[in-house]
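A.B. asks: Below is a structure I'd like to ask you about.
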Amino acid sequence: MQQCARRAFAAANMIADNPKATRVSIWSEDFFTGHEQIALLDDVLNVTPDTASDTGEAVSDEMMAALRDGT
């Protein structure tokens, strides 16, 4: 949703007569955490998504050898 909102904001700025007046916001609403505003313009480089969380599986010896050898 954050990426979609960024693209919508960029497109709205491009077609707007007054880009400074263009506003886009997204938020999360949860029973346990309540209302939470999600920032659109945060630095998203080097951010690992939650879907890439650690699974607890170890890297195989063959994979480590291939990484060391560069093959």
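A.B. asks: How much length, in nm to one decimal, is gained on full extension between Q2 and T33, taken as 0.36 nm per residue of separation minus their Cα-Cα distance?
C.D. replies: The span from Q2 to T33 would gain 9.3 nm if fully extended.
A.B. asks: Continuing with the same structure: In a shell of Cβ-Cβ distance under 15 Å around V24, excluding V24 itself, what net charge do Lys and Arg (+1) and Asp and Glu (-1) give?
C.D. replies: Neighbour charge sum, excluding V24 itself: +3.
A.B. asks: Determine ³J(HN,Hα), in whole Hz, for all residues of segment 60-65 in sequence, where each value follows from phi through the Karplus function 6.51 cos²θ - 1.76 cosθ + 1.60 and θ = phi - 60°; x replaces Gly and Pro.
C.D. replies: Those phi angles translate into 5, 4, 5, 5, 5, 5 Hz.
A.B. asks: Around I26, which amide H atoms from residues at least 5 apart in sequence, or from another chain, sit under 5 Å from its own amide H, with H modelled in the peptide plane?
C.D. replies: Amide H neighbours of I26: I38.
A.B. asks: Could you give each residue of segment 16-33 its phi-based ³J(HN,Hα) in whole Hz, using Karplus coefficients 6.51, -1.76, 1.60 with θ = phi - 60°, and x for Gly or Pro?
C.D. replies: With coefficients 6.51, -1.76 and 1.60, one gets 6, 6, 10, x, 5, 8, 6, 9, 9, 9, 9, 8, 10, 10, 9, 4, 7, 9 Hz.
A.B. asks: Would you kindly derive the ³J(HN,Hα) couplings of segment 4-12 from the backbone phi angles with the Karplus curve 6.51 cos²θ - 1.76 cosθ + 1.60 (θ = phi - 60°), listing them in order in whole Hz, with x for Gly and Pro?
C.D. replies: 5, 5, 5, 5, 5, 5, 5, 5, 5
A.B. asks: How far apart, in nanometres, would the label points at E57 and T22 be if each is projected 7 angstrom from Cα along the Cα-to-Cβ direction?
C.D. replies: That separation, rounded to one decimal, is 4.2 nm.
A.B. asks: Now a separate question. Run the simple label-point estimate for A65 and L41 please: 7 Å along Cα→C-beta, distance reported in nm.
C.D. replies: 5.2
Laboratory data are not the source of any read-out in this text; all were calculated from the coordinates shown. Because the structure is a prediction, the values reported are computed rather than measured. We place every Cβ from the backbone using ideal geometry, glycine too, and count neighbours over all the protein chains shown.
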